[in-house]
Amino acid sequence: MKKIRKCLFPAAGYGTRFLPATKAMPKEMLPVMTKPLIQYGVEEAVDAGLDTMAIITGRGKRAIEDHFDISYELEHQIRGTSKEPLLAEIRALIDRCTFTYTRQIEMKGLGDAILKGEVLIGDEPFAVLLADDLCDNPAGDGVLKQMMKIFDKYRCSIVAVQEVPREETSKYGVIAGREIDEGIYMVDEMVEKPDPEEAPSNLAIIGRYILTPDIFDKIRKTEPGKGGEIQITDALMAQASAGMVIAYRFEGQRFDCGSIDGFVQAVNYFYDKNSDGCKV
Ligand code: UTP
């Protein structure tokens, strides 16, 4: 199987929970301190050794493309001033990575957004990162890097999971499986947004995946599920039934920046981290 080089960023959603902020600005561009959410995601992908960022956009998302492009006028304006270092990180990302884009025309769900990425990914395994799940692991490897190591061993699709309070299972895809190594589960059940009493466990899927390319065919065969959307969990369940899918309980922190509470927690966390003298 080919090496993983590409990271897909589904970023076409409307971000309705952040209206009116997201009326004209993509949710993925909301800043935590001075960096937009999607830049944290790209940094995590680069840290995991990936160099091609495939971004699924939609109407009103042009700011994402502009962010990952050079602004000659701005660079000229601040050259030689104390502000110059503020653009150094993003400039390094632009120099290091290739950014490719395609649009999801109708928001038919995460599964559909991933299928739209087939044209950018091709026939190779790839990572998926939802930028509104902001992750940090100050003690070690980033979440995607941890998952890459697991992929090297198992060579199958992997979902990152986190234990959540039972009453919150209806916000997530939830898995059940057999723990085959510490924090590593062989998935045998996967349910999208189950009520707490129907949830097979409290292990919730968060916005990090490694997918093998046969997922595209599985999505094509997936009927719209919960909420009328094409759910990636249904396609993953088909993969699990036909072969093997791993769920990985990752190490580190995760903030649900698609919700107001999670976003505020992330801002506080990175503010504290920054004022401790650590670089965000
Ligand atoms: P969310 O469920 O958070 O939806 O999508 P959303 O539209 O972004 O936000 P709300 O609920 O209206 O506030 C999870 C991820 O999947 C992407 C989103 O951009 C987000 O990164 N997504 C979702 C798509 O790209 N296309 C879709 O059709 C649905």
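Conditions: (1) away from the ligand (no atom under 16 Å from the Cβ); (2) in contact with a helix residue (DSSP H, G or I) (Cβ under 9 Å, 6 or more places away or on another chain); (3) charged (D, E, K, R). ARG79 meets all but one. Number of the miss?
All conditions are met except number (2).
Write out, first by first residue and then by second, each pair whose Cβ atoms fall under 7 Å of each other, whose residues are 6+ apart or on separate chains, and whose first residue, in the range 12-29, is in contact (Cβ under 8 Å) with a residue 12 or more places away in the chain while the second is away from the ligand (no atom under 12 Å from the Cβ).
So the pair list comes out as MET25/ALA63; PRO26/ALA63; GLU28/PRO36; MET29/PRO36; MET29/ALA63; MET29/HIS67.
How many of the residues making up the range 125-142 are over 16 Å from LYS6 (Cα atoms) and part of a strand (DSSP E or B)?
The number of residues fulfilling the criteria is 4.
Taking the range 165-192, which residues are part of a loop (DSSP other than H, G, I, E, B) and crowded, with 17+ Cβ neighbours inside 10 Å?
Scanning the range 165-192 gives a single hit, TYR172.
Rundown of residues vs (1) under 28 Å from SER275 (Cβ atoms); (2) more than 14 Å from the ligand (Cβ to nearest atom); (3) more than 16 Å from the chain's Cα centre (by Cα); (4) among the hydroxyl-bearing types (Ser, Thr, Tyr), yes/no style:
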{"residue": "LEU8", "(1), (2), (3), (4)": "no, no, no, no"}
{"residue": "ALA24", "(1), (2), (3), (4)": "no, yes, yes, no"}
{"residue": "TYR40", "(1), (2), (3), (4)": "yes, no, no, yes"}
{"residue": "ASP47", "(1), (2), (3), (4)": "yes, yes, no, no"}
{"residue": "PRO85", "(1), (2), (3), (4)": "yes, yes, yes, no"}
{"residue": "LEU93", "(1), (2), (3), (4)": "yes, yes, yes, no"}
{"residue": "THR102", "(1), (2), (3), (4)": "no, no, yes, yes"}
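Out of ILE246, ILE215, ILE232, report the one residue that is under 26 Å from GLY258 (Cα atoms), of a type in the set (A, V, I, L, M, F, W, C), buried (at least 23 other Cβ atoms within 10 Å of the Cβ) and more than 16 Å from the ligand (Cβ to nearest atom).
Within the list ILE246, ILE215, ILE232, the selection yields ILE246.
I'd like to check something: does the range 257-276 contain any residue that is of a type in the set (A, V, I, L, M), more than 16 Å from the ligand (Cβ to nearest atom) and either touching a Leu at 6+ places or on another chain (Cβ under 6 Å) or assigned to a strand (DSSP E or B) (or both)?
No.
When the range 2-57 is examined, which residues are found to be basic (Lys, Arg) and crowded, with 21+ Cβ neighbours inside 10 Å? Quick ask: steps written out before the conclusion?
Within the range 2-57, the first condition is being basic (Lys, Arg), and the residues that meet it are 2-3, 5-6, 17, 23, 27, 35.
The answer is LYS6, LYS27.
Exactly one of (1) within 20 Å of SER259 (Cα to Cα); (2) in contact with a helix residue (DSSP H, G or I) (Cβ under 8 Å, 6 or more places away or on another chain); (3) part of a helix (DSSP H, G or I) is unmet by ALA12. Its number?
That leaves (3) as the condition not met.
Among (1) of a type outside the set (Ser, Thr, Tyr); (2) crowded, with 18+ Cβ neighbours inside 10 Å; (3) at pLDDT below 95, where does LEU74 come up short?
Going through (1) of a type outside the set (Ser, Thr, Tyr); (2) crowded, with 18+ Cβ neighbours inside 10 Å; (3) at pLDDT below 95 one by one, LEU74 breaks only (2).
The values are calculated or read from the model by the stated rules, or taken from the named source; none is laboratory data. Note that this is a predicted model, so its numbers are computed, not measured. Cβ coordinates were reconstructed from backbone atoms using ideal geometry, including for glycine residues, and neighbour counts include every protein chain displayed.
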